[in-house]
Amino acid sequence: MVKELALSTKLVYQPNDDIYNASVAPLYQTTTFKQKSVSDLGQYDYTRSGNPTRTQLESQLASLMKADHAYAVNSGMSCLDVISRLIKQGDEVIAGDDLYGGTHRLLTFLHKNGSIKLKHIDTTNTELVLKSVTASTKFIFLESPTNPLIKVVDLPAISKYIRKNYPDCIIVFDNTMMTPLLLSPLDYADIQYESATKYLNGHHDIMAGVIATRSKKLADDLFFVINATGCGLAPFDSWLLLRGLKTLSIRFERQQANTVKIANWLESIGLTVRYPGLKSHPQYELHKSFNKGFGAVLSFETGSIKKSEIITEGTKIFGVTVSFGCVNSLISMPCRMSHASIDEKTRKERNLPEDLIRLCIGIEDADDLIDDLKTALLKSGLVSESSTGKIFVNSVSKL
Ligand SMILES: Cc1ncc(COP(=O)(O)O)c(C=O)c1O
Ligand SMILES: N[C@@H](CCSC[C@H](N)C(=O)O)C(=O)O
């Protein structure tokens, strides 16, 4: 039996069949392909329908995602747009109530249009999910750990129940936070998608998304929409993503190691930190039971919007930036930035704290990052430094 290559090898080992044996897959920066005859299209005719650079990327992504079919599109939101076009008018859809703000925005738009019947529920409450899914539920949208509250969804339990009782319900999983390195969602879900803008590319220089499935029927339907709407990833962006993928494993390893160190430091000074790699996380064991790591995003509250603003704006190495997965460390206030598309009333209903700070850790030196945070925390007055250099939280005042 041939031993399967490890993901870290598959990321850099990208064989291609270039006629000149180029070490790096060539970039086919072309819109059209000449045909042998009017009736013989050949493999490619038009880049919206297919392009060799995109095919190279898609076959690598399929292998990484343990999928039979993978498609590269022009953003993570395009993935959701394509998938949502498979929903038939009036179909009931269940979605988590702590999904990424843009996901909430598009699904809510479709609901208000009357295209879908959407129920937002707390999908980290497994009992509630099992009670809420019925024969009318055609799609369920899940994400874990959630962004930005870092709550864990019991994907294996939910999948087992749905597959046994409602095999026609399509389980869609957004794996942006974990990447194929830490989780293979297709072991549990019918469709996996990821914003490749984040870790897969890793350098914040392209927008991209990936949709993967093991079902031929779903793959055909997804491809139809991608070709019909024209959201396939452009050749140059496909080429850049192929390059970014090569360092995913090494980047993510460093990002996680830094995050563990920073999460422990923040906890040690008295803050309550949301990170599934901390034993204090209420779902630490659950997360560990089906993921191979903890990721590189954490969040914490300060008890004061003003202090959160001073901390966020008071860092130097951390960029005040939306998004995550970049080699650079980023700091943000989700309610003002990435999740501002969720209105204030809904944020309140979903217990999304307005003072929440999200850290997305990069590959810099962890001690430099801690020093940067220390300076900003001291500036905000949230923490003090003792004569022996010990940092401690003063008190978490009310909002
Ligand atoms: C979890 C998650 N899914 C999907 C998206 C959408 O991806 P993109 O920005 O590439 O459209 C984002 C962020 O934007 C995200 O955080
Ligand atoms: N203005 C953008 C905000 C993008 S947020 C990107 C990312 N998913 C994150 O969580 O930071 C928008 O309106 O979508």
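The values are calculated or read from the model by the stated rules, or taken from the named source; none is laboratory data. Please read all numbers here as calculations on a predicted model, not as lab measurements. Here Cβ is always computed from backbone atoms with ideal geometry, including for glycine, and neighbour counts include all displayed protein chains. We work out accessible area using only protein heavy atoms, side chains counted, and drop any ligands, DNA or RNA first. Shrake-Rupley method; radii C 1.70, N 1.55, O 1.52, S 1.80 Å.
Averaged per residue, the chain has 45 square angstrom of accessible surface, using a 1.4 angstrom probe with ligands and nucleic acids left out. In this structure, the amide hydrogen of K119, modeled 1.01 Å from its nitrogen in the peptide plane, lies closer than 5 angstrom to those of V93, I94, A95, counting only residues at least 5 positions away or on a different chain. Backbone amide hydrogens, once placed in the peptide plane, bring V73 within less than 5 Å of G209, V210, I211, L233, excluding anything fewer than 5 places away on its chain.
Computed extension gain for I121 through E285, at 0.36 nm per residue and net of the alpha carbon distance, reaches 56.8 nm.
In percent, rounded to a whole number, the relative contact order of the chain is 16, using alpha-carbon pairs under 8 Å and six or more apart. Accessible surface for K216 stands near 120 Å², nearest 10, in the context of the full protein assembly shown (1.4 Å probe).
Take E267: with every protein chain present and a 1.4 Å probe, its accessible area is about 70 Å². Applying Stokes-Einstein at 10 °C and 1.306 mPa s to the Kirkwood radius of the range 281-328, computed over alpha-carbon pairs, gives a translational diffusion coefficient of 118 µm² s⁻¹.
Summing +1 for each Lys or Arg and -1 for each Asp or Glu among the other residues whose beta-carbon sits under 13 angstrom from that of T123 gives -3. Relative to the current alpha-carbon distance between D368 and K390, full extension at 0.36 nm per residue lengthens the span by 6.2 nm. Seen against the Cα atoms of the chain and their longest principal axis, helix 216-229 is set at about 90 degrees. Mind running the shape call on the range 300-395? Use the C-alpha gyration tensor, a ≥ b ≥ c as the square roots of the eigenvalues: rounded below 1.5 for a/c, prolate if a/b tops b/c, oblate otherwise. Oblate is the answer for the range 300-395, as a/c is 1.5 or above yet b/c matches or exceeds a/b. Set the Cα radius of gyration of the range 190-254 against 2.2 N^0.38 Å, with N its number of residues, and you get 1.23.
Using Cα springs under 10 Å in a Gaussian network model of the chain, which residue among I317, I191, I140 shows the largest mean-square fluctuation? Result for the chain, Cα springs under 10 Å: I317 fluctuates most. Here the chain has 53 percent of its accessible surface on carbon and sulfur atoms, given a 1.4 Å probe and all protein chains in place. The calculated FRET efficiency for the pair T321 and K164, based on their C-beta separation and a Förster distance of 35 Å, comes to about 0.25. Against the main long axis of the alpha-carbon atoms of the chain, helix 155-165 sits at an angle near 50°. Averaging Cα coordinates gives a centre for the range 290-369 and one for the range 151-174; these two points are 29 Å apart.
Summary of packing: across the peptides 4-15, 325-336, the per-residue average of other C-beta atoms within 10 Å ranks them, highest first, as 325-336, 4-15.
Comparing L271, L377, L128 in a Gaussian network model of the chain (Cα springs below 10 Å), the most mobile by mean-square fluctuation is L128.
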